[in-house]
Amino acid sequence: MAIISEGATPIALDGGRKARANLTKARIRWVIVALALVFGVVAGRLIQLGAVVTDSTIEGQARDLITASRPAILDRNGLEMAVDIRVPSLFAEPRRIIDVDEAVEALRGVMPDLNETWLRNRLTGEKGFVWVKREISPAQRERIFNLGIPGLDFVTESKRFYPSGTESSHILGAVNIDNQGIAGIERHMDGEDVALLQSIGLARGNALSPVNLSIDLRVQHVMYEQLTDALTRYKAVAAAGVMLDVRTGEVIAMVSLPDFDPNNPVSAFEPVEGRKDQRFNRITSGIFELGSTFKTVTFAGALDSGKVRITDEFDARFGVRFGRFTIDDFHGKHRVLNASEVYKYSSNIGTIKLMQQMGKDDFRAFLTKLGFDKRVPFELPEMRNPNVPEKFSEIVAATAAFGHGLSISPLHMAMATAAFVNDGYMVTPTLYKRGEAEAKALYRPVISPRTSAYMRYLMRLNALEGSGTRMNKAALGYRAGGKTGTAEKVVNGRYSSGLNLNVFTSAFPLDAPRYAMVVIVDEPKRENEQSGVTAGWNAGEVTGRIIQRAAPMLGISPDFSEMLDANLVPVELR
């Protein structure tokens, strides 16, 4: 037994207590160091993550643009022509795919149209995001989601839908898989306001103001239906038509056949009975020799020049010779004709002499005044330059007077026809709504109001007594008038007597002109043994049927008063 004497120091007890205190302090220091290291690592990782730019693209495309919407396109009455619908699209993150073979087998079970080799290559590797299938159905999305495969996900895109299908295809155009305009007014809208249509501001959830076009879908349907009927009825290879409001320049309807389905843009490239590229718009991209419809242009220029009067007479007894060539009339009267008869009987001889009285240089200058030597300022990107010789020789001027030797688009002719009946004021056409006040600020006089009155009389006269009688019979009561054109087509550098491009230009109602129209039927055949193949039998009749159905929709009532026609006759001829 140990005995501690009084006054002695307890060395062993104090040493143990001190050692335990030092150990506790050391442990606290190590804990503090460990915590500092942990927080340092966490802080460093947070800094690292904050510095990383998140990949917001799929195969180089920004997700905001992928999910962007386009504004709805409406007709002049608010009916939908193009709208966006929301559809899911499937993409993958290959670096997160655990079992590629399993994923391929499962996906092909839902979408058997996917190529197995292509899909396996898509899902293999360390890529961030790759497309698997764009614009799938909601049912497919549900089935794929239920597969539970990691590395697969969906993004909701906008898909363009055209409720009227093919009826307005050449007006609307189409969009690509990324919802970007590639043709028609869709492409024009992107070109006009790329910042608006392709920006983050169009991301899902943001409402867009619809775009109103000048098109009247009711009239568009009538024109489409009648031109489709013409292809069958006359066994034609193509047909086209355009209708303008003569006061505003608004395009009310425009159809070109064959056409394509904008809901399936690939159809534009599929051959139809040997013909390729159904995107071709004959109204804007086509330039043609428009035959005797051009006599309306020649008459307007000659009468407006003051060198020709409505009461003048022209010797049409013999053909006009140019060297070894003689130009004669198709159904010649072979007598002296007054100006009205030259137009009514569509006399080539009389029209040439009328042009010569005006002067070939003044005639060529008049075509420039009408804008025939440059493309029409218009919204559609599918346009083509006309082919009009810079200078006219005597023979070129003579053939041009009745529509041969120069080529313009039907839109050129529609714009000129509208001006000829609108007191001589020309306004550029448009596919957007335009008020009369806005249009009048754009008016450009090309002939005088007096000459315009002459042209209204001549066009109505041709409907009552000339080659437009079949048109007038179909459109009875709507005071329509116009001019036929039967132009032989050029095949291998020579005119072919068996292939015609038939055209009818018109306006109605001529007592108070409101609408102008051009209709084309390409290479028509006889409807029956009793019918003919010239323009009055096909393009003219189609025009009459369109007017008969569309005029009431446009607020024009039939009126059979003979006084309306009598009032169109110039004072000099009464």
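The values are calculated or read from the model by the stated rules, or taken from the named source; none is laboratory data. Fair warning: this is a prediction, and the values are worked out from it, not measured in the lab. Every residue, glycine among them, receives a Cβ derived from its backbone with ideal geometry; neighbour counts consider all protein chains shown.
State whether the residues of region 475-487 include one that is under 23 Å from Leu406 (Cα atoms), at pLDDT below 95 and more than 28 Å from the chain's Cα centre (by Cα). No, region 475-487 has no match at all. Scanning region 296-317 for any residue that is of a type outside the set (A, V, I, L, M), out of contact with any helix residue (DSSP H, G or I) (no Cβ under 6 Å at 6 or more places or on another chain) and closer than 22 Å to Ile546 by Cβ turns up at least one such residue. Scanning region 312-353 for residues that are among the aromatic types (Phe, Trp, Tyr), more than 43 Å from the chain's Cα centre (by Cα) and at pLDDT 95 or above yields a single hit, Phe314.
Got at least one residue in region 103-116 being closer than 30 Å to Asp229 by Cβ, in a loop (DSSP other than H, G, I, E, B) and among the aliphatic types (A, V, I, L, M)? Scanning region 103-116, I find no residue that is closer than 30 Å to Asp229 by Cβ, in a loop (DSSP other than H, G, I, E, B) and among the aliphatic types (A, V, I, L, M), so the answer is no.
Evaluation of Val427 against the conditions (1) closer than 17 Å to Tyr515 by Cβ; (2) at pLDDT below 95 shows that the sole unmet condition is (2). Taking the conditions (1) of a type outside the set (Asp, Glu); (2) part of a loop (DSSP other than H, G, I, E, B); (3) surrounded by fewer than 20 Cβ atoms within 10 Å (Cβ to Cβ) in turn, Asn179 satisfies each one other than (3).
Can we say Phe325 is of a type in the set (Phe, Trp, Tyr) and more than 21 Å from Gly173 (Cβ to Cβ)?
Yes; evaluated as a whole, the condition is true for this residue.
Selection over region 323-341 of residues that are surrounded by 14 or more Cβ atoms within 10 Å (Cβ to Cβ) and not in a loop (DSSP other than H, G, I, E, B) gives a count of 6. If you go through region 297-311 one residue at a time, do you hit one that is buried (at least 17 other Cβ atoms within 10 Å of the Cβ), over 27 Å from the mean Cα position of the chain (by Cα), outside any loop (DSSP other than H, G, I, E, B) and free of Cβ contacts under 8 Å to residues at least 60 places away in the same chain? Scanning region 297-311 turns up no residue that is buried (at least 17 other Cβ atoms within 10 Å of the Cβ), over 27 Å from the mean Cα position of the chain (by Cα), outside any loop (DSSP other than H, G, I, E, B) and free of Cβ contacts under 8 Å to residues at least 60 places away in the same chain.
Matching residues to (1) within 24 Å of Tyr224 (Cβ to Cβ); (2) surrounded by fewer than 23 Cβ atoms within 10 Å (Cβ to Cβ); (3) modelled with pLDDT of 95 or more:
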{"position": "Lys440", "(1), (2), (3)": "no, yes, yes"}
{"position": "Met455", "(1), (2), (3)": "no, no, yes"}
{"position": "Glu465", "(1), (2), (3)": "no, yes, yes"}
{"position": "Met471", "(1), (2), (3)": "yes, no, yes"}
{"position": "Phe504", "(1), (2), (3)": "yes, no, yes"}
{"position": "Ala507", "(1), (2), (3)": "yes, no, yes"}
{"position": "Ala516", "(1), (2), (3)": "yes, no, yes"}
{"position": "Pro524", "(1), (2), (3)": "yes, no, yes"}
{"position": "Gln530", "(1), (2), (3)": "no, yes, no"}
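Among residues of region 117-142 being in a helix (DSSP H, G or I) and either outside the structural domain of Val175 (by TED's automatic domain parsing) or of a type in the set (D, E, K, R) (or both), the one that is surrounded by the fewest Cβ atoms within 10 Å (Cβ to Cβ) is Glu142. For region 397-429, a tally of residues being farther than 13 Å from Val246 by Cβ and among the β-branched types (Val, Ile, Thr) returns 2.
Is it fair to say Pro449 is touching a strand residue (DSSP E or B) at 6+ places or on another chain (Cβ under 6 Å) and modelled with pLDDT of 95 or more? Against the criterion (touching a strand residue (DSSP E or B) at 6+ places or on another chain (Cβ under 6 Å) and modelled with pLDDT of 95 or more), Pro449 does not qualify. Specify the residue that is surrounded by the most Cβ atoms within 10 Å (Cβ to Cβ); the eligible residues are those in region 182-209 that are at pLDDT 90 or above and either closer than 13 Å to Asp84 by Cα or basic (Lys, Arg) (or both). Top of the filtered list is Glu186. For beta carbons closer than 9 Å, sequence separation of 6+ or different chains, a first residue in region 466-477 that is touching a residue at least 12 places away in the same chain (Cβ under 8 Å) and of a type outside the set (Val, Ile, Thr) and a second that is surrounded by fewer than 16 Cβ atoms within 10 Å (Cβ to Cβ) and not in a loop (DSSP other than H, G, I, E, B), the qualifying pairs are Asn472/Leu464. Please determine, by comparing only the residues of region 154-188 that are acidic (Asp, Glu) and in contact with a strand residue (DSSP E or B) (Cβ under 6 Å, 6 or more places away or on another chain), which one is farthest from Gly286 (Cα to Cα). By that ranking, first place goes to Glu157.
The residues on offer are Gly50, Gly44, and the sole one that is small (Gly, Ala, Ser), at pLDDT 65 or above and not assigned by TED's automatic domain parsing to the domain that holds Ile185 is Gly44. Would you confirm whether or not region 144-154 contains a residue that is in contact (Cβ under 8 Å) with a residue 60 or more places away in the chain, more than 30 Å from Leu257 (Cα to Cα) and either outside the structural domain of Leu79 (by TED's automatic domain parsing) or part of a loop (DSSP other than H, G, I, E, B) (or both)? Checking region 144-154: not a single residue is in contact (Cβ under 8 Å) with a residue 60 or more places away in the chain, more than 30 Å from Leu257 (Cα to Cα) and either outside the structural domain of Leu79 (by TED's automatic domain parsing) or part of a loop (DSSP other than H, G, I, E, B) (or both).
Can you pull out every residue in region 244-266 that is part of a loop (DSSP other than H, G, I, E, B) and not charged (D, E, K, R)? Matches in region 244-266: Val246, Thr248, Gly249, Pro258, Phe260, Pro262, Asn263, Asn264.
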